[in-house]
1. Given V240, V216, which one is within 21 Å of V150 (Cα to Cα) and part of a helix (DSSP H, G or I)?
2. What do you reckon, is G69 touching a residue at least 24 places away in the same chain (Cβ under 8 Å) and either within 19 Å of S218 (Cβ to Cβ) or surrounded by 16 or more Cβ atoms within 10 Å (Cβ to Cβ) (or both)?
3. Only one residue in G152, G73 is on the phi > 0 side of the Ramachandran plot and not acidic (D, E). Which one?
4. Pairs only if they're at least six apart or on different chains, beta carbon under 6 angstrom, first in segment 107-120 and more than 16 Å from P90 (Cα to Cα), second part of a helix (DSSP H, G or I) and β-branched (V, I, T); list them, first residue then second.
5. Determine if segment 155-171 includes at least one residue that is β-branched (V, I, T), within 25 Å of W58 (Cβ to Cβ) and outside any helix (DSSP H, G or I).
6. Kindly indicate whether V164 is under 24 Å from the mean Cα position of the chain (by Cα) and either of a type in the set (V, I, T) or at pLDDT 95 or above (or both).
7. Just the residues that are farther than 25 Å from I170 by Cβ, in contact with a Phe, Trp or Tyr (Cβ under 9 Å, 6 or more places away or on another chain) and part of a helix (DSSP H, G or I), please, taken from segment 44-71.
8. Mind checking which residues of segment 310-336 are assigned to a helix (DSSP H, G or I) and among the hydrophobic types (A, V, I, L, M, F, W, C)?
Amino acid sequence: MSFIYDKLLGGKSGALGLLVLSILILVVFPLALDGFRLNLIGKYLTYAFAAMSLVLLWGYGGTLSLGQGIFFGLGGYCMAMFLKLEASSPENTAIQSTPGIPDFMDWNQITELPWFWEPFSSFGFTIAAILIVPALFAYIIGVAMFKRRVGGVYFAIITQVIAVILTVLIVGQQGFTGGINGITDLRTLNGWDMTSDSAKYLFYYINCALLITVIVLSRFILTSKFGRLLLAIRDKEDRVRFSGYDVANFKIFIFCFAALVSAIGGAMFTLQVGFMSPSFVGIVPSIEMVIFAAVGGRMSLIGVVYGTLLINFGKTTFSESFPELWLFLMGGTFIAVVMFFPNGLAGLWEEYSTPLMKKIRAKIQPSVTAKPSSSSYETKESK
């Protein structure tokens, strides 16, 4: 029981925070919001996966990646490829010159389904690809970078460049990827209508369940010996290396796991929104993910979820109310948080909630007056 309480839930404060978050996203939001707004919240929560991956990689690992959109997009594209093949059955594409292939391939005069698309006709293969492809890509990058002790700002710049290259590649290969428009018109999942209200509610709850699962699994990793060594690497990398540990392998593992977490968010984004495009792969979304983590608190798995919700809610509200000024308002919000609350919302909560809780406990708990012991009475009587 103590294993579950301490390792998975994060002790008393961690369990309480997870409980509050679960009630908020599983009970409060579905009861208080209509279908459209709830679907927006679900979309925001898919970004929270990428923000949590930065808690692991940046907050605890000390390695800032400006390319988490790469893995978010890979997971999203893997899911979109399966859904697009289902929507491109010979019956649905009978008006095309080549029935049975996606419409953008037909527009680009491709007459045969590419070999790397064919396995995505299987839902089981697609689920495996969502987990394996981003992790494998991250492994290749990690080995190339960390084995050569490339880190810090250089690693951040390289991941940013890779995001640009992948975006250009996706846009340039329009016949195979859908180009700048991405993969669109995704309507069914194994014959089930994804656009129905019941489907959107189900996807929302699946998304929330996966989010909570990732938080619990990440806490297990961070509270283990691996997590303690990860913190030591962040603070004193050379000392850990001199102690006999292979620092590169630790960084590669956490980079791969962070990529996997981001990819799950990308796959759920495709299911909830119904499309995937290169606009979620490049530099801008990757930097936004860093902002989510910074505002929420890069050392708090739960804090970044609130940070993601806050920033995206502000983005939606500002863009609706102030279409010409919302970028400046968003930038000002981020600057204000970094300047006045460098530890994010989680740090703000710890700073003000801890003294408050102590005062509350002091008022609730009755003061206990210590009674004199029997030995003191005997001493007085003997005198």
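The values are calculated or read from the model by the stated rules, or taken from the named source; none is laboratory data. Source: prediction; values computed, not measured. Backbone-built Cβ (ideal geometry, glycine too); neighbour counts: all protein chains shown.
1. From the options V240, V216, the qualifying one is V240.
2. yes
3. G152
4. F120/T126
5. no
6. When the stated conditions are applied, V164 passes them.
7. If the condition is that a residue be farther than 25 Å from I170 by Cβ, in contact with a Phe, Trp or Tyr (Cβ under 9 Å, 6 or more places away or on another chain) and part of a helix (DSSP H, G or I), then L56 is the only one that fits.
8. Those that are assigned to a helix (DSSP H, G or I) and among the hydrophobic types (A, V, I, L, M, F, W, C): L310, I311, F313, F318, W326, L327, F328, L329, M330, F334, I335, A336.
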